[in-house]
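Novice: First the structure, then my questions, so here it is.
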Amino acid sequence: DMKDSFPGYYPLANDQMKAFLSEAIIVFDVNALLDLFRIEENQAKTVLDVLKNGKISKRLWIPYDVAWLYHKQMNTEIMNQINNVNSALSYLKFSKDIISNSKSYPFLPADKKTNLEALVLDLNEFCTGQKEVLINQLKTSMVKADLGLLFHDKIGSPYSDAELENIYKEGNLRFSKLVPPGYMPCEISDSRMKYHDLIIWKQILAYAKAKHKDIILVTGKIKEDWYYVVKDEEVVPRQEMINEFMSITGKRYYSFSLSRFITKCREDLDIPVLGYELLVNDLKEKIQFASVQQDLSLDNQI
C-alpha cells in the first residue's frame, strides 16, 4: 500500500512512536559525539548518564567511519576549546589595557576601574582553571573514557578500499542529483572525508538490513541534506531517506538532533536528566539555512 511504499510521508501513531523509541538501534554521528567535548564537563556527564541508562546503553551502535573520524578529531576538538579560552583571555587583557590607559577615553571613575580590574583578575583565574581541565583532557578525559566503554563492542566493520572506491563513484552520481545525504558542497579533497556522510549512511543501511532493526540517528548538526526545517523551528528527517531506508531494509529510520534526543529520552522514556533546561538550551543547534517545504506536515515529528 501507499504507506509501505512511501513511509516518509506518513507519521507513526503515538503507540508506534513509543515502541520505536524503546526498541530501535541508536546511532550517533561524529558531531553528536564531539558535542560532548563542546559543553561543560558536568553537562557532558549528564548526557553520558542518559546513554548509560539501561533503556539506552544496550541499543547503542556506531558505523566504523564514525569511530574512525571521531578518533581523528577528538583531540583537535579539545585543542579548539583551549584556543577559545586563550582568545577570551587575550581579549580580556586587551579590554583592561585600553581602559587603563590614562591618556584616552573611556575615563572610568576609580571605583569602576578597580571593579573592572578585580573582575578581569577573577575571570582570568577562572578561565585558566578551565584551560587546565582541558589540557588534562588531552591526557585523560572522562568523556573519552566513558564513550570508549559505551561503544567498545558496538562498532561496525570497516569497508575495504575497493568498497570505499565504489561509494565515492556512487556519491559522485548521487550528489549531482542532490540525493541526500551528504550532497552539500565540500571543499575537502580527501574522498573519505568528502563522502563521509554517504559512507555512514551506507553502513547504517547495511547494519539495519543485517540485523533487521529500526534505526534512530542522533546528529550534532542540523544540515539540509539530512533534515527538512519547517517554520524555522521544527525539524524532520528527509523523507527520501526514510523511504530509501524502508525500501532497502524493510525497517523504519528516523533522526534527531542531540538536544531533541535528550528531550525524547526524558519525556517518552522517563529517563532523568539533571539540569535539563540549561543542557538542552546549550546543545540546541542554531539552524542557519532557509526553511524548505513550509507546508510539510508537522505530524511527521516523532
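The values are calculated or read from the model by the stated rules, or taken from the named source; none is laboratory data. Quantities reported herein were computed from a predicted structural model and do not represent experimental measurements. We place every Cβ from the backbone using ideal geometry, glycine too, and count neighbours over all the protein chains shown. Remember, those area values only see protein heavy atoms, side chains included, never the ligands or the DNA or RNA. Shrake-Rupley method; radii C 1.70, N 1.55, O 1.52, S 1.80 Å.
Novice: What angle, in degrees between 0 and 90 and rounded to the nearest 10, separates the Cα long axis of helix 196-211 from the longest principal axis of the Cα atoms of the chain?
Specialist: 50 degrees
Novice: When DSSP beta bridges are limited to those with both residues in the chain, what percentage is antiparallel, rounded to the nearest 5?
Specialist: Values: 4 of 16 bridges.
In the chain, approximately 25 percent of DSSP beta bridges are antiparallel ones.
Novice: Tell me, what ³J(HN,Hα) does each residue in region 143-154 have, in order and in whole Hz, if you take phi through Karplus 6.51 cos²θ - 1.76 cosθ + 1.60 with θ = phi - 60° and put x for Gly and Pro?
Specialist: Karplus values, whole Hz, x for Gly and Pro: 5, 4, 4, 5, 5, x, 6, 4, 10, 4, 10, 10.
Novice: Given a Förster distance of 35 angstrom, what is the FRET efficiency for LYS284 paired with GLU165, based on the Cβ-Cβ distance and rounded to 0.05?
Specialist: Details: r = 38 Å, r/R0 = 1.09.
With a Förster radius of 35 Å, E is 0.35.
Novice: Over what distance in Å are the Cα centres of region 30-87 and region 126-183 separated?
Specialist: 10 Å
Novice: From the Cα gyration tensor of the chain, with a ≥ b ≥ c the square roots of its eigenvalues, which class applies: rounded if a/c is under 1.5, or else prolate if a/b is larger than b/c, or else oblate?
Specialist: Details: a/c = 1.94, a/b = 1.88, b/c = 1.03.
Here the chain falls in the prolate category.
Novice: Could you work out the pair-distance distribution P(r) of region 57-107 from its alpha-carbon pairs, with 10 angstrom bin width and percents rounded to whole numbers?
Specialist: 21, 22, 20, 15, 12, 9, 2
Novice: Can you give the convex hull volume of the alpha carbon atoms of region 98-221 per residue, in Å³?
Specialist: Numbers: hull volume 29.5 nm³, N = 124.
So the per-residue Cα hull volume is 238 Å³.
Novice: List, in the order given, every pair from LYS52/LYS169; LYS213/LYS264; LYS93/LYS194; LYS154/LYS251; LYS55/LYS209 whose Cα-Cα distance in the structure shown is over 28 Å. Write out the running numbers ahead of the final one.
Specialist: Working: LYS52/LYS169 39 Å; LYS213/LYS264 19 Å; LYS93/LYS194 40 Å; LYS154/LYS251 20 Å; LYS55/LYS209 23 Å.
Beyond 28 Å: LYS52/LYS169; LYS93/LYS194.
Novice: Starting from 0.36 nm per residue, how many nanometres of slack lie between HIS212 and ALA110 once their C-alpha separation is accounted for?
Specialist: Working: separation 102, 0.36 × 102 = 36.72 nm, distance 7.14 nm.
Result for the pair: 29.6 nm of gain on full extension.
Novice: Further question on the same structure: Can you find, among LEU147, GLN239, SER22, the residue sitting farthest towards the positive end of the charge dipole of the chain, where Lys and Arg contribute +1 and Asp and Glu -1 at Cβ?
Specialist: So the residue furthest toward the plus end is LEU147.
Novice: Between GLU117 and LEU149, what is the label-to-label distance in nm when each label sits 7 Å out along the Cα-to-Cβ direction?
Specialist: 4.8 nm
Novice: Sticking with this one: Per residue, what accessible area does region 48-142 have, given a 1.4 Å probe and all protein chains present, in Å²?
Specialist: On the way: 5830 Å² over 95 residues.
Value returned for region 48-142: 61 Å² of accessible area per residue.
Novice: Mean separation of Cα pairs under 8 Å and 6+ residues apart, divided by the residue count of the chain: what relative contact order is that in percent? Walk me through the numbers before you get to the answer.
Specialist: Working: 355 pairs, mean separation 86.0, N = 302.
Dividing the mean separation by the residue count of the chain yields 28 percent.
Novice: Something else: Hey, what angle do you get for helix 64-100 against the long axis of the chain, alpha-carbon based, 0 to 90 degrees rounded to 10?
Specialist: In the chain, helix 64-100 runs at an angle near 20 degrees to the longest axis.
Novice: Can you compute the modelled spin-label distance between LEU178 and ASP270, with each label point 7 Å from Cα toward Cβ, in nm?
Specialist: 4.6 nm
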